[in-house]
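The values are calculated or read from the model by the stated rules, or taken from the named source; none is laboratory data. Bear in mind that the values here come from a model prediction, so they are computed numbers and not experimental data. Note: ideal-geometry Cβ built from the backbone for every residue, glycine included; neighbour counts use all protein chains shown. Surface accessibility is based on the protein's heavy atoms, side chains included, excluding ligands, DNA and RNA. Shrake-Rupley method; radii C 1.70, N 1.55, O 1.52, S 1.80 Å.
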Amino acid sequence: MEKGGRVLVVGAGIGGLTAAVELARRGLSVTVVEKAPRVGGKMREVLADGRAIDSGPTVLTMRRIFDEVFEAAGKTLDEHVTLDRADLLARHAWTDGSTLDLWSDIDRSADAIGTFAGPREARGYRRFCEHTRKIHELVEGTFLLGEKPSFLSVVKAFGTIGVGALLKMDGYRTLHTALGDFFQDRRLLQLFGRYATYSGSSPFSAPATLNVIAHVEREGVWLVRGGMYRLAEALCNLAVELGVTVRTGVAVTELLVESGRAAGARLSTGEVLHARHVVVNADAAALVTGLFGKAVRRAADTPGARSLSAMTWSAVAETAGFDLVRHNVFFSDDYAREFRQLFDEDSVPSQPTVYICAQDRDDSGLSPSHEAASGERLLCLINAPASGDRRTFSPTEIQRCEQAMNEVLRRCGLTMKPSAPPVVTTPSDFDRMFPATGGALYGAASHGLTAPFSRPAARSRIPGLYLCGGSAHPGAGVPMVAQSGRLVALSLMQDLASTPQSRWAAMRGGMSTQ
């Protein structure tokens, strides 16, 4: 018998793959089952006009988490992927023709903001950077990288870290309200308010603690050569090297519970995989709504209000009129209205903010691999409500959304001419890929003071059943999802330490597809 019994990981997203690596390097026998043809989950790659385009996460921060995962397994991240640090974080544009580049270097950004909006706003930016640095100091170890705290445990921390420190976390007011302490320019309020959308939330409802994302991004944004999907492949390859069996193209239809604890899963093929421990790398809503069977519906609480979904266009296109860099944001005229339409009216904004990842470009413009004659690879994204399980978008509605997007881009100076019809992904498409979510890409929205404490912890209510991914603690985003996988491994190993152990056994890893 293997040490601790077999571990079954359901879902080969970044969280599931990280958990598999962490458990396999500790000597456990691990099998990963993924319903999609390829691993990666939301870190996906699609073909448009014959060229591969990253069509999921496009920003890598906190690379040290992945460095630690690979080093703990006796490897290095640099052996598996090539990363280039980005100096230019993003180029921002408004329909009045103004543009602003934000840099990882504080002085360079402050100078740019001073030229853009005046010396008062530049001073405000420096104060904002110091404010977010202090938030990061307080929340990194206790929340971002640690096991899930409770609201009660934070309240009890009054006596340990003091009321002043808790106030510096800035969770008692909204992100938008807090930004008013530093910026008066409407455009800068939009720019820094956008960080709420990194967790699929509204800056008008999310706690100001989320301003910490701005600090995390300043600490380093990394470009993965060949695309972000290479990182998912690297994690999978590392898992296989460690003996993990990865099976793609086969779904789990039911999670099994025997004698009150997890016991394995029934697959779409009819096969039953027995396991002493089961890690679910899927949205917690899939458990609660019964998609994995009645026996595990009580494993987690009903998730809160859904986070944002998106509509994306993956395309190869010729561009003109605007100097794109890797990451570009084109803002709408009325940010408050945009989020009212998203969250209150459950509709795609009539004038959306547009994000474009120009994947053949870097900080300075075109990369050596750019093929000007055949166009460049673009991922265009607008936020959308997570209503994909309640409605589908007709071709006419998709065309209307595309026209609204192109109108914002045109007013900012950018025109695009696709070489072939783009590959469009709607909230209903995301819901099919990630069931029970409605297309929500970040789990529950981070709205309200207690929102950070409402995500499920690594341990579910059913012994032997664990949760990881963007809907679990510590939250959405590539590094946080990887950290959720690490926390699962830590919790599982702690639970194993409290029970009798069986002897070790070497296992051969590998990939299989159905």
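If R0 equals 35 Å, the separation of the Cβ atoms of E241 and A420 corresponds to a calculated FRET efficiency of about 0.40.
Cross-link partners for K75 among the aspartates and glutamates, with Cα-Cα distance under 12 Å and sequence neighbours closer than 8 places in the same chain left out: D67, E241.
Taking the protein heavy atoms of the range 233-349 in the context of the full set of protein chains, the accessible area attributed to carbon and sulfur is 45 percent at 1.4 Å. Between the beta carbons of R120 and R400, assuming R0 = 41 Å, the FRET efficiency works out to 0.50 to the nearest 0.05. Summarising the amide proton neighbourhood of V9: residues at separation of 5 or more, or on other chains, whose placed amide H is nearer than 5 Å comprise T31, V32, V33, V279. Hey, for a label at M511 modelled as a point 7 Å past Cα toward Cβ, could you say which residues of the range 209-243 have their backbone N under 15 Å away? In the range 209-243, the label zone of M511 (backbone N under 15 Å from the point 7 Å along Cα→Cβ) covers 229-243. Model label sites at I106 and E345, defined 7 Å from Cα along the beta-carbon direction, differ in position by 4.0 nm. Label separation (E137 vs S364): 3.7 nm, computed from points 7 Å beyond Cα along the C-beta direction.
Find the accessible area per residue for the range 207-258; the probe is 1.4 Å, ligands and nucleic acids are left out, and the unit is Å². Mind dumping the intermediate values first?
Details: 1480 Å² over 52 residues.
Computed with neighbouring chains in place, this is 28 Å² per residue.
For the range 311-436, the solvent-accessible area of protein heavy atoms averages 42 Å² per residue (probe radius 1.4 Å; ligands and nucleic acids excluded).
Over the range 1-141, what relative contact order in percent results from Cα pairs under 8 Å that are six or more residues apart?
12 percent
Value of Rg to Rh for the range 412-479, rounded to two decimals, is 1.16; Kirkwood radius and Rg both from alpha-carbon coordinates. Between R64 and R461, the contour length at 0.36 nm per residue exceeds the Cα-Cα span by 139.8 nm. Counted by Cβ distance under 11 Å from A476, the other residues give a net charge of +1, where Lys and Arg count +1 and Asp and Glu count -1.
What shape does the range 283-332 take by its C-alpha gyration tensor, where a ≥ b ≥ c are the square roots of the eigenvalues and a/c under 1.5 counts as rounded, a/b above b/c as prolate, and the rest as oblate?
On the way: a/c = 5.32, a/b = 3.21, b/c = 1.66.
Cα axes put the range 283-332 in the prolate bin.
Using DSSP H assignments, which helices in the chain have an axial alpha-carbon span of 20 Å or above and a mean Kyte-Doolittle hydropathy of -1.0 or higher? Mind dumping the intermediate values first?
Working: long enough: 119-139 (30 Å, -1.32); 395-412 (26 Å, -0.87); 478-497 (29 Å, 0.92).
Taking the DSSP H segments of the chain (at least 20 Å long, mean hydropathy at least -1.0), we get 395-412, 478-497.
A quarter of the convex hull surface defined by the alpha-carbon atoms of the chain gives 23.2 nm² as the mean projection. On a straight-distance basis, which aspartates and glutamates could pair with K42 in a cross-link, Cα separation under 14 angstrom, same-chain partners fewer than 8 positions away excluded? Candidates past the 8-residue exclusion: E34, D54, E233, D283, D429, D431. Packing order of peptides 103-115, 453-465, 10-22, highest average first: 10-22, 453-465, 103-115 (average count of other Cβ atoms within 10 Å over each peptide's residues). Global dimensions of the range 1-55 from alpha-carbon coordinates: Rg and Dmax equal 14.4, 50 Å.
Using helices alone, I'd like the mean residue ellipticity at 222 nm for the chain: each DSSP H run of four-plus residues gives -39500 (n - 2.57), total over residue count, nearest 500. Could you put the intermediate results ahead of the total?
Working: 16 runs with 163 residues, N = 514.
When only DSSP H runs of four or more count, the value is -9500 deg cm²/dmol.
Could you list the residues of the range 203-238 with an amide nitrogen less than 15 Å from a label point located 7 Å from the Cα of R127 in the Cα-to-C-beta direction? In the range 203-238, the label zone of R127 (backbone N under 15 Å from the point 7 Å along Cα→Cβ) covers no residue. Across the range 69-133, Cα-Cα distances exceeding 20 Å account for 47% of all pairs. Bridge orientation summary for the chain: considering DSSP beta bridges with both residues in this region, about 70 percent are antiparallel. Binning the C-alpha pair distances of the range 272-392 at 5 Å intervals from 0 yields a P(r) profile of 2, 9, 14, 14, 12, 12, 12, 10, 8, 6, 3, 0 %, listed from the shortest bin outward. The label-point distance for T253 and D495, in a model that sets each label 7 Å from Cα toward Cβ, rounds to 2.6 nm. The tail of the calculated P(r) for the range 214-331 beyond 22 Å holds 61 percent of all Cα-Cα pairs.
With the biggest extent put first, the Cα atoms of the range 361-494 measure 56, 40, 28 Å across the principal axes. A probe of 1.4 angstrom, applied to the heavy atoms of all protein chains, finds C129 with accessible area near 10 square angstrom. Fully extending the segment from D181 to D87 would add 31.2 nm, taking 0.36 nm per residue of separation and subtracting the current Cα-Cα distance.
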